[in-house]
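Asker: There's a structure below that I have some questions on.
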Amino acid sequence: MSENFEREHDNLVPVSPLKRGIYLLPNAFTTAALFCGFFAIVQAMNNHFEHAAIAIFLAMLLDGMDGRIARMTNTQSVFGEHYDSLSDMVSFGVAPALVMYEWILRDIGKWGWVAAFVYVYGAALRLARFNANIGVVDKRFFQGLPSPVAAAIIAGFVWLAIDNKLPVNVFWMPWVAFVLTIYAGMSMVSNAPFYSGKMLDVRHRVSFGMILLFMVAFVLVSSDPPFVLFGLFCLYSFSGYVLWVIRFLNGRHSRIFGDEDD
């Protein structure tokens, strides 16, 4: 019997040799992102919340690289897709919720862990829906807020507060964190369309204006990383709802995702 066949449910199913392998390069970046998420949890347990927040941002950077590297080197695999989702659940689901809870949400008792769980639950549903809808939705848009962006909002708020020495002991501060955590968690399971940026291919030529835009963004982020990053990701989290309203008013709200309003 050929080695390119496997027995599944008493049937002979052809299996491509490429799908059996585990590609080192893209999965190495995924492993690094997973480690950053784990590192963020450990740092939060040791009350090093600024290090935890930075680790989540580093995980976000690494997560953005593994998929692009896989496509550029033609090393995509089913294993890589599932491994990436599991890594995302740790780095952008569990880690941000635990960092926020250990930092400030625990001060409001049960409401704190409820908010943290809503975020984790939203991240899990977001990732499951993303995997189920691959090839169904418009590739130009994400259905719901991407989990790395939700994690960046949480981590950015922690980093911003610590870097600017905001008073965490005042009564309203935990409730601001509560609202932000709930908002990020619920946005991940919304149907709002968020621009994906997948149409931007680094292998192709870009305009001179795009290069200038990247340069300005780099300068702004380097000037005050926690403030600029938190602000940019908050603006992005609002953009999906703005686009949703605009398309709804124009009567085109059902044309982005195939499972809406059918």
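Asker: Only one of (1) of a type in the set (S, T, Y); (2) loosely packed, with under 15 Cβ neighbours inside 10 Å; (3) in contact with a Lys or Arg (Cβ under 7 Å, 6 or more places away or on another chain) fails for T73. Which number is that?
Answerer: The one condition T73 does not meet is (3).
Asker: Return yes or no: is A177 modelled with pLDDT of 95 or more, small (G, A, S) and in a helix (DSSP H, G or I)?
Answerer: Yes; evaluated as a whole, the condition is true for this residue.
Asker: Quickly run through the stretch 98-119 and pick out the residues that are of a type in the set (A, V, I, L, M) and over 14 Å from F39 (Cα atoms).
Answerer: M100, I104, L105, I108, V114, A115, A116, V118
Asker: Test G112 against the stated conditions and say whether it is in a helix (DSSP H, G or I), in contact with a Phe, Trp or Tyr (Cβ under 9 Å, 6 or more places away or on another chain), under 23 Å from R68 (Cβ atoms) and in contact (Cβ under 8 Å) with a residue 60 or more places away in the chain.
Answerer: Spelling it out, it is not the case that G112 is in a helix (DSSP H, G or I), in contact with a Phe, Trp or Tyr (Cβ under 9 Å, 6 or more places away or on another chain), under 23 Å from R68 (Cβ atoms) and in contact (Cβ under 8 Å) with a residue 60 or more places away in the chain.
Asker: Just to be sure, is F117 free of Cβ contacts under 8 Å to residues at least 60 places away in the same chain and more than 15 Å from the chain's Cα centre (by Cα)?
Answerer: yes
Asker: Turning to a different aspect of this structure: I want to confirm something. Restricting to the stretch 55-104 and keeping residues that are in contact (Cβ under 8 Å) with a residue 60 or more places away in the chain and of a type in the set (D, E, K, R), which single residue is nearest to N169 (Cα to Cα)?
Answerer: Across the stretch 55-104, the extreme among qualifying residues is D88.
Asker: A further question on this structure: Hey, can you tell me all the residues within the stretch 230-257 that are among the aromatic types (F, W, Y), under 12 Å from L145 (Cβ atoms) and either at pLDDT below 90 or surrounded by fewer than 16 Cβ atoms within 10 Å (Cβ to Cβ) (or both)?
Answerer: The answer is F238, Y241, W244.
Yes/no per residue for (1) among the acidic types (D, E); (2) farther than 25 Å from P226 by Cα; (3) at pLDDT 95 or above:
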| residue | (1), (2), (3) |
| --- | --- |
| A116 | no, no, yes |
| G135 | no, yes, no |
| G144 | no, no, no |
| V158 | no, no, yes |
| V168 | no, no, no |
| G185 | no, no, yes |
| N191 | no, yes, no |
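Yes or no, residue by residue, for (1) among the hydroxyl-bearing types (S, T, Y); (2) surrounded by fewer than 18 Cβ atoms within 10 Å (Cβ to Cβ); (3) modelled with pLDDT of 95 or more:
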{"site": "I54", "(1), (2), (3)": "no, no, yes"}
{"site": "F57", "(1), (2), (3)": "no, no, yes"}
{"site": "L62", "(1), (2), (3)": "no, no, no"}
{"site": "Y83", "(1), (2), (3)": "yes, no, no"}
{"site": "S91", "(1), (2), (3)": "yes, no, yes"}
{"site": "A95", "(1), (2), (3)": "no, no, yes"}
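Asker: Only one of these is charged (D, E, K, R) and more than 24 Å from A192 (Cα to Cα): K139, K110. Name it.
Answerer: Every option except K110 fails the conditions.
Asker: Regarding the stretch 136-149, can at least one residue be identified that is of a type in the set (D, E, K, R), touching a residue at least 40 places away in the same chain (Cβ under 8 Å) and either part of a helix (DSSP H, G or I) or surrounded by 15 or more Cβ atoms within 10 Å (Cβ to Cβ) (or both)?
Answerer: There is no residue in the stretch 136-149 that is of a type in the set (D, E, K, R), touching a residue at least 40 places away in the same chain (Cβ under 8 Å) and either part of a helix (DSSP H, G or I) or surrounded by 15 or more Cβ atoms within 10 Å (Cβ to Cβ) (or both).
Asker: Quick one: D107 ticks every box in (1) charged (D, E, K, R); (2) crowded, with 18+ Cβ neighbours inside 10 Å; (3) under 27 Å from W172 (Cβ atoms) bar one, so which box is it?
Answerer: Checking D107 against (1) charged (D, E, K, R); (2) crowded, with 18+ Cβ neighbours inside 10 Å; (3) under 27 Å from W172 (Cβ atoms), the one that fails is (2).
The values are calculated or read from the model by the stated rules, or taken from the named source; none is laboratory data. Fair warning: this is a prediction, and the values are worked out from it, not measured in the lab. We place every Cβ from the backbone using ideal geometry, glycine too, and count neighbours over all the protein chains shown.
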